[in-house]
1. Scan the chain and note any complete DSSP helix (H) whose C-alpha atoms cover at least 27 Å along its axis and whose Kyte-Doolittle average is -1.0 or more.
2. Sorted from largest down, give the three principal axis spans of the alpha carbons of the chain, whole angstrom values.
3. How are the Cα pair distances of segment 103-241 distributed, in percent, across 10 Å bins from 0?
4. Counting only DSSP beta bridges with both residues in the chain, what percent are antiparallel, rounded to the nearest 5?
5. Report the one residue of I147, A241, F115 whose Cα lies farthest in the direction of the positive end of the charge dipole of the chain (charges on C-beta: Lys and Arg +1, Asp and Glu -1; origin at the Cα centre).
6. If I stretch the segment between Q279 and I169 completely, what's the gain in nm (0.36 nm per residue apart, minus their alpha carbon distance), one decimal?
7. Using Cα-only point scatterers and the Debye equation, what is log10 of I(q)/I(0) for segment 259-350 at each q in 0.12, 0.22, 0.23 Å⁻¹, rounded to two decimals?
8. At 222 nm, what helix-only mean residue ellipticity would the chain give, in deg cm²/dmol to the nearest 500, using -39500 (n - 2.57) for each DSSP H run of four or more?
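Nothing in this text is a laboratory measurement; each read-out follows from the coordinates by a stated rule. Computed from a prediction, not measured in an experiment: that's the story for all the values here. Here the Cβ is made from the backbone with ideal geometry for all residues, glycine too, and neighbour counts use every protein chain on show.
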Amino acid sequence: MRKSVIIIIVLQLAACGAGNEKQRDNHEVHDNKKEVVCFIYHRFGDSRYSSTNISRKDFEAHLTWLKAHDFQVLSLSDAIDYLKSNKEYRKTAVITVDDGFASFYKNALPLLKKFGFPATLFVNTETVGGNDYMGWNEIKEAQKYGIEIGNHTHSHAWFLNQPEDERYIAFENEVTLAQQLLKENTGTMPTVFAYPYGELDTKMREVIEKLGFKAAAAQNSGVIYAGTNLMQCPRFPMSEAYAGLDQFAGKAEMKALRVNRVNPGSFLLPEGKTKPTLQLKFDGTDLRLDQLQCFIQGNECEMEQMQSENGLVTLIVSPVKSIAHRRRTLYTITVPDSQGQWHWFSHLWINPDEK
Ligand SMILES: [Zn+2]
């Protein structure tokens, strides 16, 4: 059974290769190269919350770097359009900001205006106008300067902690309510969504797809390309510990590790499993597989690698110690290609029993 699955994938890869060969001067070749690196920020110049904050100085350094390195900076929805379009390849970055904190308006918006860069602001509607949060007038003013407003649910709840028979109804109701409030107060219906805490399961993803969103942002890190499930777009977090310019530039220049198959597909820690195994399949032809690395925070990582004759790699990643005591654990896999450019993939595990 397993053998036949592998053969099918190999045939599909061969077919793609043949297509590209014929269309060497066609836009589809450019499309295949297109990638979008998306960053997530929360608070700006607000040192009370170091794990979700970035200083104004560091944020300005990020924007300066993007400009100096000729990146096009797009809103998330424009970046998805670019990815699907026949437009020429350009280095592309997206700045997303979650939660609608007042410090975005005060400390980040003036810098974005100065650089003429857009961003996507994901707003949870219940707290709009509350202490520490932007009000509707500030959100509308941000819109005038090219800030796209996205949906971040109404209450920003821990949906995975709700019983399954209530979870999806509650989730859909909240997303729909937030859409109504955002439309009423900003005049525009959002087309992009971000999962609170980056937490989702397969059915939540299906709800977002059914509601017609163009893309949904998660919080596992990685790079978006044409093969990404757009209902689960990866983003690189930018807060004080990771916000230095070297780290930012490294992420901005990162390429996607284009994984064909991930097993399991869900983020939820399987019942009873404390050291879950992740299996990936990808084309390793142009990759320096002897330099494959994996990282698991506060843990060690083991990898088992198999390569078939046609270059298809099966990689099995597992932790040395249990991950069950943490709510969220990221497995990150990186590898350089023959040009020395690094490629990145990560998978998030969520254990909703932990806080
Ligand atoms: Zn949030």
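1. Values: long enough: 2-22 (31 Å, 0.83); 164-186 (33 Å, -0.85).
TM-like helix candidates: 2-22, 164-186.
2. Projected onto the principal axes, the Cα atoms of the chain cover 60, 50, 36 Å.
3. The percentages, shortest bin first, are 11, 40, 37, 11, 1.
4. Details: 35 of 63 bridges.
The antiparallel fraction comes to roughly 55 percent.
5. F115
6. Details: separation 110, 0.36 × 110 = 39.60 nm, distance 3.16 nm.
Full extension from Q279 to I169 adds 36.4 nm.
7. These q points yield log10 I(q)/I(0) values of -0.37, -1.10, -1.18.
8. Numbers: 9 runs with 106 residues, N = 355.
Per the formula, -9000 deg cm²/dmol.
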